[in-house]
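Undergrad: I have a structure I would like to understand better, so I am pasting it below and will then ask my questions one at a time.
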């Protein structure tokens with residue numbers, strides 16, 4: 001293989017790419033381009049909150065598909081000798097695990113931001129923020145998630161008062177009044193993380209979560225695994241048919257968690273079989289239900305959230321945001337519900353709507369350069385990037401690159417499941433083997 005591979009992004013996706021590329025025979029020189037000080041952490045695992053737990057059991061979090069106990073063995077050795085495969089470890093601990101592995105990969109850490117990529121003959125160049133370039137035979141884009149799209153009609157007064165925070169993972173102060181009301185826009189796992197963060201920092205006041213569907217992520221619970229996928233290969237490729245088969249299995253007594261988990265290994269092929277119109281139908285009518293069932297909370301976190309709800313300190317509302325403005329010294333978030341408009345008082349409003357997936361709306365010079373050069377195009381329904389089965393970027397000409405590849409969340413334009421470690425580690429291994437084969 002040899003040569004040089006530049007990996008743009010040093011979070012979990014980029015770290016796993018480096019780890020698996022380093023395991024190949026005659027491995028290439030690896031350069032990971034990441035402005036942050038530590039590799040392997042990204043957004044999810046850079047948290048300093050011990051209460052932020054993995055939402056996948058330790059037994060399924062190995063960095064290596066062929067060594068399923070690798071993380072569990074490390075966890076017992078480095079953190080908790082009594083840990084078992086069913087434990088939900090702290091995310092910050094998992095970050096240490098990935099960091100330790102990428103540190104041994106031999107990858108060079110280039111602490112710069114990448115602002116562009118150029119293809120020049122049989123090589124590519126990654127343009128850095130300081131004007132320098134990294135020349136490589138292959139570039140792997142592993143930029144992870146981008147901050148949410150701004151909420152509509154945020155008043156200048158609310159912005160100047162520091163009331164609104166677009167990036168939930170940004171460094172911003174929480175309310176000085178510990179009893180003041182806070183609004184989290186979104187009801188997914190990011191909102192749950194923010195709730196935990198507020199409580200850890202001593203906030204005692206009421207918290208309202210608002211989303212269009214008002215659906216809160218569910219919690220994990222023990223259930224016997226299903227032997228076969230509940231939606232078998234050959235099912236008519238429509239959203240309605242997939243739903244009907246799934247419902248039949250649950251009606252016949254299969255626990256819904258087992259039904260969801262049974263599709264972990266087949267959801268991408270099932271998604272690929274759907275025509276474009278059916279994908280759009282699934283996204284519009286079913287995706288939010290799937291998301292809260294599929295992306296579940298660790299049991300202890302689910303119990304804490306339920307206690308908050310029972311106490312009345314956490315309220316879940318269904319509606320969408322119309323605007324945010326100041327009313328005297330208090331923020332007012334106006335939401336539209338089925339009963340009309342309502343005004344919610346807030347000392348702090350945090351945008352937890354989830355990462356933007358339409359890259360045309362992302363303020364990224366690198367993505368802009370790729371698009372303008374015709375090196376990348378949007379994927380299904382305008383989502384992230386179009387890629388082939390190996391993650392190679394599809395260009396404006398329709399041809400797929402032999403030098404530019406994407407990993408992890410950046411492949412959501414083609415794949416249904418591409419944001420969790422079990423899927424990303426497999427992508428990393430498969431890409432490393434593929435690239436090694438190309439260079440042999």
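Here, each number is a calculation from the coordinates, and none is a lab measurement. Keep in mind that this is a model prediction, so the values were computed, not measured. So basically every Cβ, Gly included, is an ideal-geometry build from the backbone, and we count neighbours across all protein chains shown.
Undergrad: Calculate how many DSSP beta bridges within the chain are antiparallel, expressed in % of all such bridges and rounded to the nearest 5.
TA: Counting DSSP beta bridges with both partners in the chain, the antiparallel share is about 45 percent.
Undergrad: Another question about this same structure. Counting other beta carbons within 10 Å of each Cβ, put 271, 74, 256 in order, fewest first.
TA: By the 10 Å Cβ count, ascending, the order reads 256, 271, 74.
Undergrad: A follow-up question, please. Which value in nm describes the separation of the simple spin-label points at residue 178 and residue 368, placed 7 Å from the Cα toward the beta carbon?
TA: Label-label distance for residue 178 and residue 368, simple model: 4.4 nm.
Undergrad: Using the number of other C-beta atoms within 10 angstrom as an exposure proxy, rank 110, 352 with the fewest first.
TA: Ranked by crowding around the Cβ, least crowded first: 110, 352.
Undergrad: Same structure, new question: Given the rule -39500 (n - 2.57) for each run of at least 4 DSSP H residues, summed and divided by the residues of the chain, what is its mean residue ellipticity at 222 nm, to the nearest 500 deg cm²/dmol?
TA: -9000 deg cm²/dmol
Undergrad: I would also like to ask the following. Helix 189-200 against the longest principal axis of the chain: what's the angle in degrees, Cα atoms only, rounded to the nearest 10?
TA: The angle comes out at about 60 degrees.
Undergrad: With contacts defined as alpha carbon pairs under 8 Å and 6 or more residues apart, what's the relative contact order of segment 5-125 in percent?
TA: 33 percent
Undergrad: Could you line up 285, 94, 434 from fewest to most neighbouring Cβ atoms inside 10 Å?
TA: Starting with the residue having the fewest Cβ neighbours, the order is 285, 434, 94.
Undergrad: Follow-up. Between residue 283 and residue 360, what's the calculated FRET efficiency when r is the beta-carbon distance and R0 is 22 Å? Round to 0.05.
TA: Efficiency for this residue pair is about 0.80.
Undergrad: Using a Förster distance of 51 Å, how high is the FRET efficiency between residue 337 and residue 236, based on the Cβ-Cβ distance and rounded to 0.05?
TA: Step by step, r from the Cβ atoms, then E = 0.90.
Undergrad: For residue 248 paired with residue 167, estimate the spin-label separation in nm (one decimal), with each label point 7 Å from Cα along the Cα-to-Cβ line.
TA: 4.8 nm
Undergrad: So, in Å, what gap is there between the alpha-carbon centers of segment 172-187 and segment 43-86?
TA: Using only Cα atoms, the two centres lie 30 Å from each other.
Undergrad: Here is a follow-up. Take the Cβ-Cβ distance between residue 345 and residue 108 as r, set R0 to 45 Å, and report the resulting FRET efficiency rounded to the nearest 0.05.
TA: Once rounded, the FRET efficiency stands at 0.30.
Undergrad: Got a sec? Which residues in segment 109-132 would a label at residue 37 touch, if it sits 7 Å along Cα→Cβ and we count backbone N under 17 Å?
TA: 109-113
Undergrad: What angle, in degrees between 0 and 90 and rounded to the nearest 10, separates the Cα long axis of helix 299-311 from the longest principal axis of the Cα atoms of the chain?
TA: 20 degrees
Undergrad: Taking all pairs of different Cα atoms in segment 239-294, averaging 1/r and flipping that mean, what Kirkwood radius in angstroms comes out?
TA: Mean inverse Cα-Cα distance, inverted, gives 11.8 Å.
Undergrad: Dimensions of segment 275-328 along principal axes (Cα, Å, largest first)?
TA: 47, 38, 13
Undergrad: If one takes the longest principal axis of the Cα atoms in the chain, at what angle in degrees, from 0 to 90 and to the nearest 10, does the Cα axis of helix 91-103 lie?
TA: So the helix axis and the longest Cα principal axis differ by about 10 degrees.
Undergrad: A further question on this structure: How long is the gain from residue 115 to residue 76 if the chain were fully straight, where each residue apart is worth 0.36 nm and the alpha carbon distance is subtracted?
TA: Result: 10.0 nm gained on full extension.
Undergrad: Report the gain in length on full extension from residue 272 to residue 438: 0.36 nm times residue separation, minus Cα-Cα distance, nm rounded to one decimal.
TA: 57.2 nm
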